[in-house]
Amino acid sequence: MKGWNEFEIGSVLFPLNEDGMKAQEKMPQERSYTENSSRSASVAHWRVQKPVHNVEHCINCFFCWVYCPDASILAKDEKMSGVDYVHCKGCGVCVSVCPTNPKSLLMFDEVEEEKDALKKWPQKETK
Ligand code: SF4
Ligand code: SF4
């Protein structure tokens, strides 16, 4: 796998393939992370609202994945698979860039259960 400084400026890096996932799993053993590193520390307590993903409307465009400033959008088998709530700080950028109608990511109160959030999903807006 290339190092971060070997990619051309403007490259979009798609979700890790199988080899990349193996490399990532090795990272904790190969590097020493302190308890307060960005990898090991949780920022969940920063949030008052959290993004909830609705797979029913998602077109897997990966805009949310590209724009999330904390790499907290999870992807599996080339599909958006959810949110890493350990590292998501609840900024809402992913929601603002989601292009579907209705949106496939919406912000809800931190305490809202995902199943309840999905029941409150808005209908398609007509223009
Ligand atoms: S709310 Fe912000 S940090 Fe959390 S997944 Fe969306 S863009 Fe990333
Ligand atoms: S931006 Fe919206 S439609 Fe695109 S992958 Fe993310 S949740 Fe799905």
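Laboratory data are not the source of any read-out in this text; all were calculated from the coordinates shown. Fair warning: this is a prediction, and the values are worked out from it, not measured in the lab. No Cβ is skipped: glycine too gets one built from the backbone with ideal geometry, and neighbour counts run over all protein chains shown.
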Over 29 Å between Cα atoms, which of LYS2/LYS50; LYS2/LYS115; LYS89/LYS127; LYS76/LYS120 qualify? LYS2/LYS50; LYS2/LYS115; LYS89/LYS127
So who's got an amide H within less than 5 Å of the one on VAL83, skipping anything under 5 residues away but keeping other chains? H placed 1.01 Å off N, in plane. LEU74
Label-zone membership for region 69-95, site LYS124, 7 angstrom Cα→C-beta point, backbone N under 13 Å: none
Under a 5 Å amide H to amide H cut-off, with H placed in plane at 1.01 Å, what residues pair with LEU105 once short-range neighbours are removed? ASN54
